[in-house]
Amino acid sequence: MDLPLSRYRPVSQLRVPVHRVERARVPAVDAHIHLGRWLSADGEWMAPDVPALLDMMDELNLRGMVNLDGRWGRELTANLERYDAAHPGRFATFCHVDWSLAAEPRFGEKLAAQLRASVAEGAAGLKVWKDVGLRVRDGRGELVMLDDERLGPLWAAAGELGVPIALHTADPVAFFEPLDERNERLEQLAAHPDWVFSGPGFPPFERLTEAMEAMVAAHPRTTVIGVHAGCWPENLAWVGRMLDAYPNFHIDIAARIAELGRAPRAARALVLRHPGRVLFGTDEIPPVAEVYRNHFRFLETADEAFAHSLEDPPLMGRWTISGLDLPDEVLGQVYAGNALRLVPRLA
């Protein structure tokens, strides 16, 4: 039989316990969700029907969400009015800053002033995306890295204002590797060629994580959430060292249960060692109930060898995951307690 590998869909014959978790065991906060218009293909809201979203949240035992799509100016105002103001305690919106200012003199001070204005308007935190380090350039055309001293005023302002930074640097390590038969994300990168960062125009993965660590270390009074499991879920020893070394550093699990679940013993040990520093999140665009249920299964059960994605095949890797079976007191912190402490508006 001549069957292309892309059509291969093996059905596992493994018989193991299966637990369907309909709703979170304790009230949860999704600390990493996209509800705005920034990432939508058509410029419309990611959650077109907010009452329906609230009904789904109630069904799943989600008490709140952190919307990372606030941007700045009129877009921030629109997000705050649509979510935070209209439904107090259910949503908290983070702003962005306008990185085009990096081409101007004294851009760090200008970005800090923009952050202060956004927080004064109601932004609950700052979202920093991976374009810093990969695409944002200064007036000389050079890449701006997280540890650039000129950004110091911005990071310091977040600390002074008492708002956390949700920081996404780099991407899965495979995105920085050659696009060949050895790349574990080959199917995903073939579907999204703009996610390939292995070319000469991009810094190495390790340079980006070094810049993040230097930034965290230089601003101990600024709370940083390294999203996507600390931005390096393939290396939980490194993530653990960051959590050990920097009390201002936190992580979320958004869009990374595929990585965490294939190393469940290491992932569980990391969470149990730092239960006050790990936040629940999904990064779903848009929110889908069944995706939440799979996350609940991952966190709450000891199930083995189950799918990490609803996709067939799963573009984030053709492997299965196992659950962490976290104790209730830890679940309470990961699901909501840590987010409520860092984003008190949701409390």
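The values are calculated or read from the model by the stated rules, or taken from the named source; none is laboratory data. Just so it is clear, the model here is predicted, and its values are computed rather than measured. Positions of Cβ are backbone-derived with ideal geometry, glycine not excepted, and every protein chain shown enters the neighbour counts. Heavy atoms of the whole protein, side chains included, go into the accessibility calculation; ligands, DNA and RNA do not. Shrake-Rupley method; radii C 1.70, N 1.55, O 1.52, S 1.80 Å.
Here the accessible area of the range 18-158 is 51 percent carbon and sulfur, with a 1.4 angstrom probe and all protein chains present.
Under 5 Å from the amide H of His32 lie the amide H atoms of Val66, Thr282, Asp283, each residue being 5 or more positions distant or on a separate chain, with H modelled from the backbone and absent for Pro and chain starts. Let a ≥ b ≥ c be the square roots of the eigenvalues of the Cα gyration tensor of the range 140-197; is it rounded (a/c under 1.5), or, if not, prolate (a/b larger than b/c) or oblate? Note, shape of the range 140-197 comes out prolate.
Here the convex hull built on the C-alpha positions of the range 278-347 has a volume of 102 cubic angstrom per residue. Residues Arg90, Arg182 ordered from highest to lowest accessible area at a 1.4 Å probe: Arg182, Arg90.
Distance from the Cα centroid of the range 240-276 to that of the range 166-194 is 21 Å (rounded to whole angstrom). Both radii were evaluated on the Cα set of the range 115-158; the Rg over Rh quotient, with Rh as the Kirkwood radius, amounts to 1.02. Val288 contributes an accessible area of around 60 Å² to the protein surface, as traced by a 1.4 Å probe with all chains present.
What the chain shows is 44 Å² of accessible area per residue, with the surface traced by a 1.4 Å probe over protein heavy atoms.
Working note: Karplus 6.51/-1.76/1.60 with θ = phi - 60° gives the range 3-11 the couplings 10, x, 4, 5, 9, 6, 10, x, 9 Hz, where Gly and Pro are set to x.
Full extension of the chain between Arg106 and Glu206 yields a length gain of 33.2 nm, computed as 0.36 nm times the residue separation minus the alpha carbon distance. Restricting the calculation to Cα atoms, the range 26-153 shows an Rg/Rh of 1.03 when the hydrodynamic-style radius is the Kirkwood one. A Förster radius of 35 Å combined with the Cβ-Cβ distance from Glu142 to Ala190 puts the calculated FRET efficiency at roughly 0.70. Taking amide H atoms as placed 1.01 Å from N in the peptide plane, the amide H of Arg137 lies under 5 Å from those of Val144, each 5 or more residues away in sequence or on another chain. Ranked by the mean number of other Cβ atoms within 10 Å per residue, highest first, peptides 95-102, 20-27, 296-303 order as 296-303, 95-102, 20-27.
Equivalent-ellipsoid semi-axes for the range 1-88 (Cα gyration tensor, √(5λ), whole Å, largest first): 36, 22, 10.
Beta-bridge orientation, the range 80-238: approximately 10 percent antiparallel, per DSSP, counting only bridges with both partners inside.
Of the Cα atoms belonging to the chain, the radius of gyration and Dmax stand at 19.8, 65 Å. A viscosity of 1.002 mPa s and a temperature of 20 °C, combined with the Kirkwood radius over C-alpha pairs in the Stokes-Einstein formula, give the range 87-236 a diffusion coefficient of 131 µm²/s.
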